[in-house]
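Data block below; observations after.
The values are calculated or read from the model by the stated rules, or taken from the named source; none is laboratory data. Keep in mind that what you see is a predicted model, and the values were worked out from it rather than measured. Every residue, glycine among them, receives a Cβ derived from its backbone with ideal geometry; neighbour counts consider all protein chains shown. Calculation scope for accessible area: heavy atoms of the full protein, side chains included, ligands and nucleic acids excluded. Shrake-Rupley method; radii C 1.70, N 1.55, O 1.52, S 1.80 Å.
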Amino acid sequence: MSQPYPPPAGQPGPTPQPAAPQDAAGFGPAPAVEPAAPAGFGPAPSVPPQQQQGQPFPPAAPSAPGQPFPAAPAGFGPAPAVSRGGNPALGVVAAVVAALVTAGVYGWLISAIEREVGYAAVGVGFLVGFAAGKLGGTHPALAPVSAVLSLGAVVAGQLLGVAMLGAKESAFTVNELLLDHFGMVKDAWQDNLDLLSFLFLALAAFAAFSGAKKAAAS
């Protein structure tokens with residue numbers, strides 16, 4: 001094999017290039033060696049491809065078919081249901097107004113057919129409770145308040161019906177019977193009370209309680 005001529009005197013020779021490291025068998029360059037972790041620390045955790053690309057958080061789990069939002073991450077339960085808000089004071093006012101209106105309608109109905117309609121008392125209670133729950137929301141006091149107001153509405157309607165019937169059969173007006181001769185109206189109302197009367201009063205209170213709950217949930 002020929003040897004290269006030495007460089008002329010006074011001229012630097014070519015800079016020797018370091019040879020690439022060889023593997024143990026003498027074939028090809030040695031594989032790159034990652035720097036070891038500092039003493040006392042384990043290997044760095046692997047980073048998902050999404051975070052390597054600059055995303056700070058992993059993507060949310062895909063939502064199930066028909067589900068408008070992605071599923072909650074692991075370890076978190078579903079968010080608690082939020083009850084529908086409302087104004088309890090407005091609900092009480094609505095129940096009072098409904099009680100006055102339904103009492104007047106109930107009294108007119110008794111006077112028109114000249115008999116007491118027990119099932120109408122259930123309708124009175126339901127309307128009072130529904131008005132309270134619709135405007136008052138899910139406040140726990142609205143249902144019992146509606147039940148009490150429904151009892152007052154039914155009794156007031158019955159008294160009004162008795163007074164209107166008495167005005168037809170006497171020379172007194174309805175206002176005179178209710179304001180000046182209320183004792184006569186009350187006695188006539190008590191004479192007509194029976195077991196069914198108390199049963200329909202209880203049903204009216206139950207209907208008001210249920211109506212308030214249903215209206216608040218809708």
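Which residues, taken from the range 75-98, are assigned to a loop (DSSP other than H, G, I, E, B) and either under 13 Å from Thr138 (Cβ atoms) or at pLDDT 60 or above (or both)?
Across the range 75-98, the qualifying residues are Ala81, Val82, Ser83, Arg84, Gly85, Gly86, Asn87.
Being at pLDDT 95 or above, open to solvent by 90 Å² or more (accessible area, probe 1.4 Å), in a helix (DSSP H, G or I) and among the hydrophobic types (A, V, I, L, M, F, W, C) narrows it down to one of Phe206, Phe198, so name that one.
Details: Phe198 fails: at pLDDT 95 or above.
Of Phe206, Phe198, the one residue that is at pLDDT 95 or above, open to solvent by 90 Å² or more (accessible area, probe 1.4 Å), in a helix (DSSP H, G or I) and among the hydrophobic types (A, V, I, L, M, F, W, C) is Phe206.
Quick check on my filter: what residues within the range 120-174 are within 25 Å of Asn192 (Cα to Cα), assigned to a helix (DSSP H, G or I), in contact with a helix residue (DSSP H, G or I) (Cβ under 9 Å, 6 or more places away or on another chain) and not hydrophobic (A, V, I, L, M, F, W, C)?
Passing the criteria: Gly123, Gly125, Ser150, Gly152, Gly157, Gln158, Gly161, Gly166, Lys168.
For the range 175-186, name all the residues that are assigned to a helix (DSSP H, G or I) and either among the aliphatic types (A, V, I, L, M) or open to solvent by less than 80 Å² (accessible area, probe 1.4 Å) (or both).
Glu176, Leu177, Leu178, Leu179, Gly183, Met184, Val185 - these are the residues of the range 175-186 that are assigned to a helix (DSSP H, G or I) and either among the aliphatic types (A, V, I, L, M) or open to solvent by less than 80 Å² (accessible area, probe 1.4 Å) (or both).
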